[in-house]
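J.: Below you'll find the structure I mean.
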Amino acid sequence: MKNSGDAWVEGEAGKFWGKFGSAGLLVFDAGRGVLLQHRAVWSHHGGTWGLPGGALHEGESAVDGALREAWEEAGVPRANVELLFTSVYDVGYWSYTTVAVSVEVPFEPVISDPESLALEWVPLDAVAGLPLHPGFGAAWSGLRERLPKPSATS
């Protein structure tokens, strides 16, 4: 078993969760939008909307960590999604990787731990109108640009 990274790290850029960094899963479904998690009020930036994710274990890749966390928090089945891209925010002593995946086989998310108030498929045009986790809010426009564009034939 890998060492859990559940701990805060602090430095000149601030305080961040995840001794070995953190990762979140941006799940994109062409017909439904993106899967967002309404964060429990007691959590860091509670009450905001963001991605299922969390601290990486020691030696765990960001892709594996994001998929593990999304399974634990939202029941996202690894076999139903395909990797699109990753995007890294790095402050030197800590990093957060957004792992974007596309839904290949539809599924319904399931709240499977106390970190979520809700899980919802949110149309791309509606994301920016929600109270977003500050980190996700800052990254959203750049991430959205990299998501697949709707085809003219659909």
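J.: Scan region 112-124 and tell me whether some residue there is on the phi > 0 side of the Ramachandran plot and either touching a strand residue (DSSP E or B) at 6+ places or on another chain (Cβ under 8 Å) or not aliphatic (A, V, I, L, M) (or both).
T.: To start, the set of residues in region 112-124 that are on the phi > 0 side of the Ramachandran plot comprises none.
Looking through region 112-124, none of the residues is on the phi > 0 side of the Ramachandran plot and either touching a strand residue (DSSP E or B) at 6+ places or on another chain (Cβ under 8 Å) or not aliphatic (A, V, I, L, M) (or both).
J.: Do we have residue 128 as among the small types (Gly, Ala, Ser) and surrounded by 15 or more Cβ atoms within 10 Å (Cβ to Cβ) here?
T.: Numbers: among the small types (Gly, Ala, Ser): yes; surrounded by 15 or more Cβ atoms within 10 Å (Cβ to Cβ): no.
Here the answer is no, as residue 128 does not meet what is asked.
J.: For region 98-120, which residues satisfy the criterion of being open to solvent by 30 Å² or more (accessible area, probe 1.4 Å), modelled with pLDDT under 95 and in a strand (DSSP E or B)?
T.: 117
J.: Please go through (1) of a type in the set (Phe, Trp, Tyr); (2) open to solvent by 40 Å² or more (accessible area, probe 1.4 Å); (3) part of a helix (DSSP H, G or I) for residue 140 and return the number of the only condition it doesn't satisfy.
T.: Going through (1) of a type in the set (Phe, Trp, Tyr); (2) open to solvent by 40 Å² or more (accessible area, probe 1.4 Å); (3) part of a helix (DSSP H, G or I) one by one, residue 140 breaks only (2).
J.: A further question on this structure: Does residue 95 fit the bill of being surrounded by 13 or more Cβ atoms within 10 Å (Cβ to Cβ), of a type outside the set (A, V, I, L, M), modelled with pLDDT of 95 or more and over 21 Å from residue 148 (Cβ atoms)?
T.: Criteria met by residue 95.
J.: Here is a further query. What are the residues in region 18-67 that are over 18 Å from residue 111 (Cα atoms), among the aliphatic types (A, V, I, L, M), open to solvent by less than 50 Å² (accessible area, probe 1.4 Å) and touching a residue at least 60 places away in the same chain (Cβ under 8 Å), if any?
T.: 23
J.: What number of residues within region 1-47 satisfy the criterion of being modelled with pLDDT of 95 or more and polar (S, T, N, Q)?
T.: So the count comes out to 2.
J.: Across region 76-92, what is the number of residues that are open to solvent by less than 60 Å² (accessible area, probe 1.4 Å) and more than 13 Å from the chain's Cα centre (by Cα)?
T.: Residues flagged as open to solvent by less than 60 Å² (accessible area, probe 1.4 Å) and more than 13 Å from the chain's Cα centre (by Cα) within region 76-92 amount to 4.
The values are calculated or read from the model by the stated rules, or taken from the named source; none is laboratory data. Since we're looking at a predicted model, the values are computed, not measured. In this analysis, Cβ positions are derived from the backbone assuming ideal geometry, glycine residues included, and neighbour counts consider all displayed protein chains. Areas reflect the complete protein model, heavy atoms only, side chains present, ligands, DNA and RNA absent. Shrake-Rupley method; radii C 1.70, N 1.55, O 1.52, S 1.80 Å.
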